[in-house]
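Everything below concerns the one structure shown next.
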Amino acid sequence: MESSVKNKIIIALDVDALERARELVGLLKSDVGMFKIGKQLFTRYGPQAIDMVHTLGGEVFLDLKFHDIPNTVAKAAEAAMMHGVFMFNIHALGGLEMMKQAAAAVQAKAEALKQRKPLVLAVTVLTSLSSADLSALGINAAVPEQVVRLACLAKTAGLDGVVASPHEIEMIKKECGQNFLVVTPGVRPRTSKADDQKRVLTPGEAIRKGADYLVVGRPVTGAPDPLKAVQDIIKEIEEQATDRR
Ligand code: C5P
């Protein structure tokens, strides 16, 4: 399927075995443009997980959430770039200087090697944290306020966008501009269960609110028929888009 929706869906390959990840990519690549490789698969298999997706014709979102001193993150960012990933992420709480150096290192390396520059995203506040958790960490801001503050800092640092819950999309777009990308996990089709995601929206609702990309894991990878699950998601997004007109 060649549709713009295809390029907005990212399937999280949160599985134990590379073989299972390969099966999923093979099954879904006709309808999904990008696959997310996170700590689970990467810690076990390393760059061969990235190569597997590329070999099958997919793009990669490398979700390793780098958080360290600026020089270390800048070097890790260059390494991610050299694997040809389409996007990767770093923690905004690493600070302005860390984000600036990562963005600059990727830009310089891409120019030097004449390679595509990956999108660099910031993780703001993990969706598992509440305002009370922030307070225990000594951060006396409510979650939405902290999310917007960190998103704006990421923009100032030269990053391309953020990973954020579907409930934060509109606020971020308002404060950081429509071109600042928002990648949204925590979406659930109406027919699937929420798992441990607390504040979910449907894929269509998230796109309507302005999400540029959606990350979907278990509703697809845990479905009896993952391809049908993806096709149902695409249908729901297209129906919501039609309702809008
Ligand atoms: O299975 P599910 O659809 O909940 O998967 C969502 C994916 O997005 C997981 O890989 C999870 O680690 C990731 N994620 C998230 N919330 C964030 C950042 C990433 O759920 N704030």
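The values are calculated or read from the model by the stated rules, or taken from the named source; none is laboratory data. A quick note: this is a predicted structure, and the numbers were derived from the prediction, not measured. Virtual Cβ from ideal backbone geometry, glycine too; neighbours counted across all protein chains shown. SASA here: full protein model, heavy atoms, side chains in, ligands and nucleic acids out. Shrake-Rupley method; radii C 1.70, N 1.55, O 1.52, S 1.80 Å.
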task: Provide a single number: the residues in the range 157-187 that are away from the ligand (no atom under 16 Å from the Cβ) and in contact with a helix residue (DSSP H, G or I) (Cβ under 7 Å, 6 or more places away or on another chain).
output: 5
- request: Return yes or no: is Thr43 within 14 Å of the ligand (Cβ to nearest atom), of a type in the set (Ser, Thr, Tyr), free of Cβ contacts under 8 Å to residues at least 60 places away in the same chain and part of a helix (DSSP H, G or I)?
  value: yes
- request: Could you check, for the range 13-30, whether at least one of its residues is part of a strand (DSSP E or B), under 15 Å from the mean Cα position of the chain (by Cα) and acidic (Asp, Glu)?
  value: no
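Listed here are the residues, each with its yes/no results for (1) modelled with pLDDT of 95 or more; (2) outside any loop (DSSP other than H, G, I, E, B); (3) touching a helix residue (DSSP H, G or I) at 6+ places or on another chain (Cβ under 8 Å); (4) within 16 Å of the ligand (Cβ to nearest atom).
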{"position": "Leu62", "(1), (2), (3), (4)": "yes, yes, yes, yes"}
{"position": "Thr72", "(1), (2), (3), (4)": "yes, yes, no, no"}
{"position": "Ala77", "(1), (2), (3), (4)": "yes, yes, yes, no"}
{"position": "Val85", "(1), (2), (3), (4)": "yes, no, yes, yes"}
{"position": "Asn89", "(1), (2), (3), (4)": "yes, yes, no, yes"}
{"position": "Met99", "(1), (2), (3), (4)": "yes, yes, yes, no"}
{"position": "Gln107", "(1), (2), (3), (4)": "yes, yes, no, no"}
{"position": "Ala112", "(1), (2), (3), (4)": "yes, yes, no, no"}
- prompt: Considering the range 1-33 alone, what residues qualify as being free of Cβ contacts under 8 Å to residues at least 24 places away in the same chain and either of a type in the set (Gly, Ala, Ser) or within 16 Å of His54 (Cα to Cα) (or both)?
  reply: Ser4, Ala17, Glu19, Arg20, Glu23
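Filter the range 126-152 for residues that are part of a helix (DSSP H, G or I) and buried (at least 20 other Cβ atoms within 10 Å of the Cβ); which is farthest from the chain's Cα centre (by Cα)? Reasoning before the result, please.
Within the range 126-152, the first condition is being part of a helix (DSSP H, G or I), and the residues that meet it are 131-136, 143-152.
Those still in the list that are buried (at least 20 other Cβ atoms within 10 Å of the Cβ) too: 143, 147-148, 150-151.
On the way: Val143: 19, Val147: 15, Val148: 17, Leu150: 16, Ala151: 14 Å.
Restricting to residues being part of a helix (DSSP H, G or I) and buried (at least 20 other Cβ atoms within 10 Å of the Cβ), the top hit is Val143.
Would you pick out the residues in the range 189-208 that are β-branched (Val, Ile, Thr) and either open to solvent by 70 Å² or more (accessible area, probe 1.4 Å) or within 14 Å of the ligand (Cβ to nearest atom) (or both)?
The first filter runs over the range 189-208 and keeps only residues β-branched (Val, Ile, Thr), leaving 191, 200, 202, 207.
Selection gives Thr191, Val200, Thr202.
Being within 22 Å of Lys209 (Cβ to Cβ) and touching a residue at least 12 places away in the same chain (Cβ under 8 Å) narrows it down to one residue among Val148, Val120; which is it? Give the steps one after another, and end with the answer.
Details: Val120 fails: within 22 Å of Lys209 (Cβ to Cβ).
When all the criteria are applied, what remains is Val148.
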message: Being assigned to a helix (DSSP H, G or I) and either within 11 Å of the ligand (Cβ to nearest atom) or crowded, with 18+ Cβ neighbours inside 10 Å (or both) is the filter here; which residues of the range 209-235 pass it?
response: Arg218, Pro219, Val220, Thr221, Pro226, Ala229, Val230, Asp232, Ile233, Ile234
